[in-house]
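Chemist: Below you'll find the structure I mean.
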Amino acid sequence: MKYDYLLKFLAENNMQIFTFNDLKKVIHETDGQSLKRSVYNWMQAGIIIRLKRGLYQIAYPKKADIPDLYIANRMYEPSYISLETVLSLHSIIPDVSVSVTSVSSKATRIFSNASGQFIYRTIKAEFFKGYYIMNENGYEIKIAEPEKAVVDYLYLNRVNVIDRMDKNALSSLSTSRLQKYSKLMRVDIGGLCA
């Protein structure tokens, strides 16, 4: 299979990140072993980067400037950005999140690759809500509302972490949303809504 054809097709269809199954559909390959050899050769040549088994990113002629948050959404589906990443973005916690943290209804996982470290924590499927789609440079990213990120964080960290949160940043959050999500997830939000 000619890489030029594949690169052109993926670029035309805005597929800078793609799965092995995407490749099979694109080139109508019936011999999976042949395609696996091609993928291996492309990785060795630096044409594509493996983000995880079965998920790749175009690296040639140049690596696309894809937001880490979008990569996180694609790495483990279903998931949305939450926890320390969102709390840090909204200055609710003083820490700067080095890893991209997400929640998923699937098992807890950690992935590390050339793009960084991606952490996924498990929540029940019925709690998988409270996120919206943010557009960053044409990439659609599923990210928690700040109120949901607070409740996700409290749900997954049963120790008292409210003291670590910035009270001024918390006061700008919607009390009704905090209450709605805390009721849904049966999380004590203590004095957050005082």
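The values are calculated or read from the model by the stated rules, or taken from the named source; none is laboratory data. Everything numeric in this text was worked out from a predicted model, so none of it was measured. Please note: Cβ atoms are built from the backbone with ideal geometry, for glycine as well, and neighbour counts cover all protein chains shown.
Chemist: Name the single residue that is surrounded by the fewest Cβ atoms within 10 Å (Cβ to Cβ) among those in region 88-106 being more than 13 Å from Y153 (Cα to Cα), under 14 Å from the mean Cα position of the chain (by Cα) and of a type outside the set (S, T, N, Q).
Modeler: V98
Chemist: Working carefully through the options D152, D163, find the one that is more than 25 Å from R53 (Cα to Cα) and either within 12 Å of the chain's Cα centre (by Cα) or surrounded by 14 or more Cβ atoms within 10 Å (Cβ to Cβ) (or both). Break it down into steps so the answer makes sense when it comes.
Modeler: On the way: D163 fails: either within 12 Å of the chain's Cα centre (by Cα) or surrounded by 14 or more Cβ atoms within 10 Å (Cβ to Cβ) (or both).
When all the criteria are applied, what remains is D152.
Chemist: Quick one: in region 61-87, of everything that is over 28 Å from L6 (Cα atoms) and assigned to a helix (DSSP H, G or I), which residue is farthest from the chain's Cα centre (by Cα)?
Modeler: Out of the qualifying residues, it is L87.
Chemist: Further question: Criterion first (modelled with pLDDT of 85 or more and more than 26 Å from A144 (Cα to Cα)) does V39 satisfy it? Outline the logic, then answer.
Modeler: On the way: modelled with pLDDT of 85 or more: yes; more than 26 Å from A144 (Cα to Cα): yes.
The answer is yes for V39.
Chemist: Take the conditions surrounded by 20 or more Cβ atoms within 10 Å (Cβ to Cβ), within 24 Å of the chain's Cα centre (by Cα) and not assigned by TED's automatic domain parsing to the domain that holds R50 and apply them to I133. Does it pass?
Modeler: Numbers: surrounded by 20 or more Cβ atoms within 10 Å (Cβ to Cβ): no; within 24 Å of the chain's Cα centre (by Cα): yes; not assigned by TED's automatic domain parsing to the domain that holds R50: yes.
The answer is no for I133.
Chemist: Show the residue pairs meeting these rules: Cβ distance below 8 Å; 6+ apart or different chains; first residue within region 9-24 and touching a residue at least 40 places away in the same chain (Cβ under 8 Å); second residue in a loop (DSSP other than H, G, I, E, B) and surrounded by 15 or more Cβ atoms within 10 Å (Cβ to Cβ).
Modeler: L10/Q16; Q16/I66; I17/I66
Chemist: Looking at region 16-35, is at least one residue assigned to a loop (DSSP other than H, G, I, E, B), under 19 Å from the mean Cα position of the chain (by Cα), more than 22 Å from Y155 (Cα to Cα) and modelled with pLDDT under 90?
Modeler: Of all residues in region 16-35, those assigned to a loop (DSSP other than H, G, I, E, B) come to 16, 28-31.
Keeping just the survivors that are under 19 Å from the mean Cα position of the chain (by Cα) gives 16.
Right, trim to more than 22 Å from Y155 (Cα to Cα) and you get 16.
Within this subset, residues satisfying the condition of being modelled with pLDDT under 90 are 16.
The answer is yes; a qualifying residue exists.
Chemist: Can you confirm whether region 39-47 contains a residue that is among the polar types (S, T, N, Q), without any contact (Cβ under 8 Å) to a residue 40 or more places away in the chain and under 30 Å from K167 (Cβ atoms)?
Modeler: Taking region 39-47 as the starting set, the residues that turn out to be among the polar types (S, T, N, Q) are 41, 44.
Adding the requirement that they be without any contact (Cβ under 8 Å) to a residue 40 or more places away in the chain leaves 41, 44.
Checking the rest, the ones that are also under 30 Å from K167 (Cβ atoms) come to none.
Looking through region 39-47, none of the residues is among the polar types (S, T, N, Q), without any contact (Cβ under 8 Å) to a residue 40 or more places away in the chain and under 30 Å from K167 (Cβ atoms).
Chemist: Ok, one more. Filter region 48-60 for residues that are assigned to a strand (DSSP E or B), of a type outside the set (K, R) and in contact (Cβ under 8 Å) with a residue 40 or more places away in the chain; which is farthest from I141 (Cα to Cα)? Walk me through how you get there before you give the answer.
Modeler: First, pick out the residues of region 48-60 that are assigned to a strand (DSSP E or B): 48-52, 55-58.
Next, from what is left, pick out any that are of a type outside the set (K, R): 48-49, 51, 55-58.
Now narrow it down to the ones that are in contact (Cβ under 8 Å) with a residue 40 or more places away in the chain: 49, 51, 57-58.
Values: I49: 21, L51: 17, Q57: 17, I58: 19 Å.
Once the filter is applied, the top-ranked residue is I49.
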